[in-house]
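Each remark here refers to the structure printed beneath this line.
Here, each number is a calculation from the coordinates, and none is a lab measurement. Predicted model, so just to flag it, every value in this text is computed and none were measured. A quick note on method: Cβ atoms are made from the backbone with ideal geometry, for glycine too, and the neighbour counts reach across all protein chains shown.
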Amino acid sequence: MVIFKKRTIAQIGFALGVTLASLQAQAFESQRLTNIGESTTQSTKVVAKLNVNEATLEQLMAIKGLGEVKAQAILDYIEKHGKLVSLDELTEVRGIGKKLVSKVSHQLTI
């Protein structure tokens with residue numbers, strides 16, 4: 001009989017040599033942030049978030065729901081008004097409403 005020990009996500013990640021930073025680097029390279037950093041153990045999920053204030057055009061475009069025009073509008077807004085203080089401030093960006101902010105907020109951070 002094989003006995004399995006319960007492992008935390010950190011233990012599993014360490015055992016596999018996978019770090020959150022390496023997952024982020026791989027995701028940014030492929031410009032696919034929708035599934036970045038997902039590691040599941042039973043019902044636990046770890047998801048890395050993109051910092052809007054430090055993001056590039058390409059990184060923002062990789063967020064599902066943000067195309068080139070909206071991503072550029074975000075960067076223009078930040079350049080003109082300074083760093084965002086909350087994700088809700090994204091509604092001040094032309095073409096971005098509360099519904100879109102709600103849809104993408106789980107992928108973003110400030």
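Taking the Cα atoms of region 49-110, what is the range of coordinates along each of the three principal axes, in descending order and whole Å?
For region 49-110, the Cα extents along the three principal axes come out at 24, 22, 21 Å.
With a 10 Å Cβ neighbour count serving as the proxy for reagent exposure, in which order, fewest first, do Ser102, Ser86 appear? Let's see the in-between values first.
Numbers: Ser102 12, Ser86 9.
Least to most surrounded, the residues fall as Ser86, Ser102.
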